[in-house]
Amino acid sequence: MAHRQHQISTPDATQARRVSSRLPASLMASVASGLLLGACSWIPGSHLVGISETSAPAGGSIGTVVADEPQAALVGHDVLARGGNAADAATATALALGVTLPSRASFGGGGACLVSRPGEVAQSITFQTRAGTSKGADRPAATPADFRGLYLMQLHYGTVDFNDLIAPALNLASTGITVSRTLAADLAAVRPALLADDGARAIFGRGDASTLVAGDSLAQPRLAGFLERIRVAGVGDLYNGALADVYVTAAQKAGGGLNDDDMRQTLPLQTEALTTRQGGVDASFLAPPADGGLGAAVRYTTGVSAQGTVAAWRASGNTSLAAAQAALNSGRSGGGSLPALPASTSFVVTDHSGMAVACVLSDNNLFGTGRIAGSTGVVLGASPARTPQPLLSAAVLRDQRNLRAVIAASGQNEAADAVGDAARAATHETPIPHEGAGRINAILCHGNDSCRGSTDPRAAGLAAGTTNDSRN
């Protein structure tokens, strides 16, 4: 890994292994390789620690995080407060969401992130799941794509060690979270199907044929063990090592049909973003294969239906960035309709230097397959061969190198239309509309040091950040 400027964990890896080795045998699960995976009693610190406090800006805004789940937003903001940049905070937020909102952002799913720095072409990083190729699966699962995608983004743009950014999520899994309104609503929506699986019922059930409700505590020791294994052995272990064998075996027992080759071939893709310029504002959008970006971009430039644009794009069989940029430049929209699309969750991040990151994550279905990957504690994502591709949509707007807006959305079929409409509103400095099923998370700026987070008032998200806004 490239050299990193900061570190955010006080105990070193040797200490971590030494303390973990003293765990009671009852808290560990043996795997065929002789490696251990299970509940860990050692957690590196009760808070995110170790980033040099002097690396944080002395004044003005440190940045903002806006997410659908409050505990994850606070994790990202803590990274910013201790000197991490937007890529670091986005990585930590995404990993925290794997613990606090596994219904939409479990480690068994995938997603996409848009990364924008002043004076540079924005980059689109897509980490799509793959369908399992083993036969005989009664509940086909997706390969886990999040870790490789987030690692790629943080390696190229972050300033701290990736493994240290796992620590907050690990802490949340081990010590427990408070079930949020968002997670509770998702649990209630799929209660009968989810409780039909013994593994899922053990995690999310209350023992009385009901699921956890808002305000309940949820500890996930097996998931903490999974995260500890990755923190010590590295991300590659999940795709090429002993942890890959553990995950594949567990997925097969859960009817997921994954194999080692499926794991190895799960690779992220980084390209330039889709771009357009209107009224002196440069707008960047997620690029294919995250085709919700194209839908949002066409909605932004022409006002036509983003869903129709995406439906026509998918029917065309085109997949290249060049073809999508040509379609955007020509104003071609197309028609058609999309089937019911999978649920997702979004978040946006800015930092004091003007970097912006907008991400969307999905399990390809609410709670994926509804089953757990054995001793890993991971909710298995649903196979993309069995469900339509989620609509992943995000945008970043800049004006003369100053940040104007960072936008991402969930809302299944209406996510891309919501992003396009929010981008149009930000360009014209009018209020962001909150209509239909689309749910917007946004950061609106007037200069890099004057940004304010905005969550959808109909949702239960959180905007966490400090501002230096002379207009207030």
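The length gained by stretching the chain between Ala196 and Thr133 to full extension, at 0.36 nm per residue less their Cα-Cα distance, is 20.2 nm.
Using the rule -39500 (n - 2.57) for each DSSP H run of four or more residues, divided by the residues of the chain, the 222 nm mean residue ellipticity is -10000 deg cm²/dmol. The candidate values were (i) 4, 21, 31, 25, 13, 5, 1, 0; (ii) 5, 23, 33, 26, 12, 2, 0; (iii) 4, 18, 26, 25, 15, 8, 3, 1, 0; the one computed from these coordinates for P(r) over Cα pairs in 10 Å bins from 0, in percent carries the label (ii).
Let me have the relative contact order for the chain, percent, based on Cα pairs under 8 Å that are six or more residues apart.
The value is 22 percent.
Working ranking of peptides 191-201, 249-259, 266-276 by packing, defined as the average number of other Cβ atoms within 10 Å per residue, highest first, is 249-259, 266-276, 191-201. Rounded to whole numbers, the Karplus 3J(HN,Hα) couplings from phi for the range 315-326 are 5, 6, x, 5, 9, 7, 4, 4, 5, 5, 5, 5 Hz, using 6.51 cos²θ - 1.76 cosθ + 1.60 with θ = phi - 60°, and x at Gly and Pro. Most tightly packed first, judged by the mean number of other beta-carbon atoms within 10 Å of their residues, the peptides 101-112, 124-135, 322-333 read 101-112, 124-135, 322-333. A Förster radius of 25 Å combined with the Cβ-Cβ distance from Arg458 to Thr178 puts the calculated FRET efficiency at roughly 0.75. Taking 0.36 nm per residue of separation and subtracting the current Cα-Cα distance, fully stretching the chain between Asp399 and Asp216 would add 61.4 nm.
Applying 1/(1 + (r/R0)^6) with r as the Cβ-Cβ distance of Arg332 and Asp208 and R0 = 41 angstrom yields a FRET efficiency of 0.15. For the range 277-299, backbone nitrogen atoms closer than 15 Å to the point 7 Å from Ser320 Cα along Cα-to-C-beta are found at 288-289. Relative to one another, the C-alpha centroids of the range 117-136 and the range 372-421 are positioned 11 Å apart.
Thr249 to Ala185: extension gain in nm, 0.36 nm per residue of separation minus the Cα-Cα distance?
19.9 nm
Read the figures in this text as sums done on the coordinates, not as results from a lab. This is a predicted model, so every value here is computed, not measured. Here the Cβ is made from the backbone with ideal geometry for all residues, glycine too, and neighbour counts use every protein chain on show.
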